[in-house]
Structures are given as structure tokens and as C-alpha cells.
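What follows is a single structure, written as C-alpha cells, with notes after it.
The values are calculated or read from the model by the stated rules, or taken from the named source; none is laboratory data. If you're wondering where the values come from, they're calculated on a predicted model, not measured in any experiment. All Cβ positions, glycine included, derive from the backbone under ideal geometry; neighbour counts span all protein chains shown. These area figures cover heavy atoms from the full protein model, side chains too; ligands, DNA and RNA do not enter into them. Shrake-Rupley method; radii C 1.70, N 1.55, O 1.52, S 1.80 Å.
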Amino acid sequence: MNARILLAFLCLTMAGSGCIIVDRDDDGPCCYTPSDPPPRPTPTYPGDVMFLWTFGNIGEGRCADVPEVKSIRISIPGETLHNGGVYACNTGGSDGIVLHDFLPRTYSYTLEARGYDNKVLYRASGDFTVNGDIRVNVNLTPQGGGSSFAYVSWSFEGNTNNSNPTCAQAGVTHVDVRIDNGEWTRLQCEEGSGGKQISSPFLAPGTHSIEFVGMKVTSTGATPYYYRSGTLTTQAGSPISVSYTLWAVGGMSLRWELLDGSIQKTCEQAGVTGVRINMRDRVTGKLVYGEEGDAKACTGAPILYKYLRPGQYDVIIKGMSGSQVSYSNLNNPPTLTVTAFVQKTEADSYTVNLQRHY
């Protein structure tokens, strides 16, 4: 028996039950009661697509900031666009264009900003989904360079007197920033605090290291007051926004002596090629430089450590002969205090005695 006829027969035998027959091409369930309305498909609508574009972290990212750009070429696979998809950078005062009558579905796109010699200067790609009129914000980045960047801001660790100090209250005039162990860039503190942000250089999409040093700069020099290290993860064609809290720091300066009993020896006489320096936080028990320590040349003293959090530290130094520990102070590590905003100099160095291992 035909499935539809069978279902109709079953409904007739259920007279008074309120059964309703729905004839559908997919031969799915046909019967439901008036108290359970049939499921409805999610509505989809055609629409217009408004592209609005900017240009990375150059000025305000507007067409007026990139006079070398003559036109924008838009490519959408499967779609034929007016004028081959080539449009002026600015049309009627808007850095963008409206494309009409797209069917409801997901599309991919590529935007290229071209110069007067028709070379591609900036580029971006992505996708969008039409379900009615939509707006697509696109950030074009330089062709052949990094395709991502970040908007970065900072604040300062609070204290009992002020939970959220300003640059002036923190005593910080400038902030030094570097990414991926590159060159330091010195900025006015206010440029990235109090609701303001700075933009990073263009970067490859992915995870990057970042460091900050909050400095008090005077005519006699610069003193680190705050520090922070961290990471940021960027994505192609779309800038991220990240903020970091810098913590108060102080400094420590260290020297060492190699002792064979009571006899002091030079690095060469002792056969020591390098040292491994570490500090153990007296409160947390954590080692600042991990299990391996901070490797330095034996003749490199004094060593200045400028970015330590305030507190007390057991200082541990190992004198290395190749991969072997030949001198150390493991049996009697001194405890030194780091004070916030106080940096030690070479003249303030603490000398650690390392005894030979037998």
C-alpha cells in the first residue's frame, strides 16, 4: 500500500483525534496534533553586502592615509561583479562599496588594494554569510609582510593607597615595549593607558612574546619601576585588542668568588667556564629561572637583575666545568631582599661565595 494512502487510512481510523495529513515530497512524518505546530525552516533572505575597508595600523587606517592606493579590487568566487570588481578606494565619502542582490549562503572574498602601477599594495581575505543585508568590515594589510597586528594597552599594579594608579601616580613617564625579543620601542606612558591604545607593527598571524618596562625617565637616566612579560595571539586580517597589567619591580646585583677552602681562585684557575644563577622565592618556593637557572659567563660579574618582583629570595649559584657542577653555594645560599622601585648598581653588588665540590 502506498505510504500516503496507509497514513490517510490510519488517520481515518482515529476519527476525532485531530489528526491532519501533510503531503510532503520527502515522505517524512505526516501527522501531528493541533497542539504541536509543525516545525518551520529557518528563514533565509537575499541581501546587499556593504564592504567597509581600513588599512592596518597606518594613521587612522583610511583611504586618505594611503594616497598610493588607486583602487580596490574585490573577488568573490562564483560571482560576476560590476567593472570586474574594481572600485575607487573612497566613493561618495565612504571607504567602501555596496554590492547588491546576493542569494542567502556563505561566500569567500579577497580584497586587493592596488597602486597606480596596478601592483597589489595591501590585501585581505575572509568569508561572509548572507541572510538579509550585511556589513563586512575588512582590514587590509601590506602585501608581502605580516598580515596581523594588535591594539595594546597597559595599566599598573595597584597598592593599598591606589587600586588603579595612573601613569603619574605610578611614577612612570615612559613604557618600553618589544615583541619577539626585537628592538625596544620607547613610548610616552599615556599613549597606551587610560583608555588609549597603541598599535603593534604588522606581525605574522600566531602567538608572539611581548615585554613591557614602565620607566621613570629623568635627565640623569631611566629607572625601571614596572615590568610585564606575556604573549599575544594575532589573526590574519583582523586586529585584536589586548591589555596588560604591569607589576612593580626592584633590582639585585650579584658577584661571586670561587673558593677552594680558603684559597680564592680565578675562573681559569678553577676551570669554571660559566655559572648558573637562580633565585628561590621565600614565600612561594618557586625558582625565578626554572631548574636550569640563568646561564652567564664566569667572568661576567657583576650581573644586574632589574625586573624582580619585591620580596625575599634565596640566591643560588653553581660554577660549571662543562656540564658538571664544580663550585656552588648550595649548602649556604644567602637571602636577599628586593624592594619595589629600588634598583641596585654595580657598586651595590652582593658577593656570593662558591665553594669547590670534592
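May I ask you to say which residue of TYR289, TYR327 is open to solvent by 40 Å² or more (accessible area, probe 1.4 Å) and aromatic (Phe, Trp, Tyr)?
TYR289
Scanning the range 219-246 for residues that are in contact (Cβ under 8 Å) with a residue 24 or more places away in the chain, over 18 Å from the mean Cα position of the chain (by Cα) and open to solvent by 20 Å² or more (accessible area, probe 1.4 Å), which turns out nearest to GLU157 (Cα to Cα)?
Step by step, filter the range 219-246, then rank; the result is TYR225.
Considering only residues that are free of Cβ contacts under 8 Å to residues at least 24 places away in the same chain and either hydroxyl-bearing (Ser, Thr, Tyr) or within 30 Å of ALA204 (Cα to Cα) (or both), look in the range 247-286 and name the one that is surrounded by the most Cβ atoms within 10 Å (Cβ to Cβ).
THR266
Among the residues of the range 132-148 satisfying the criterion of being modelled with pLDDT of 85 or more and in a strand (DSSP E or B), which is most open to solvent (accessible area, probe 1.4 Å)?
Selected residue: ARG135.
Can you say whether SER155 is assigned by the TED database to the domain that holds GLU211, free of Cβ contacts under 8 Å to residues at least 40 places away in the same chain and small (Gly, Ala, Ser), as far as the supplied structure shows?
no
So which residues in the range 61-104 are touching a residue at least 40 places away in the same chain (Cβ under 8 Å) and more than 29 Å from PHE202 (Cα to Cα)?
Correct list: LEU99, HIS100, ASP101, PHE102, LEU103, PRO104.
If you go through the range 304-334, how many residues are among the polar types (S, T, N, Q), farther than 30 Å from TYR226 by Cβ and assigned to a strand (DSSP E or B)?
Of the residues in the range 304-334, 4 are among the polar types (S, T, N, Q), farther than 30 Å from TYR226 by Cβ and assigned to a strand (DSSP E or B).
What number of residues within the range 70-83 are polar (S, T, N, Q) and open to solvent by 50 Å² or more (accessible area, probe 1.4 Å)?
Within the range 70-83, residues that are polar (S, T, N, Q) and open to solvent by 50 Å² or more (accessible area, probe 1.4 Å) number 2.
Please determine, by comparing only the residues of the range 84-119 that are among the small types (Gly, Ala, Ser) and under 18 Å from ASP65 (Cα atoms), which one is most open to solvent (accessible area, probe 1.4 Å).
Ranking the candidates gives GLY92 first.
Quick one: is THR337 surrounded by fewer than 18 Cβ atoms within 10 Å (Cβ to Cβ), part of a loop (DSSP other than H, G, I, E, B) and among the β-branched types (Val, Ile, Thr)?
no
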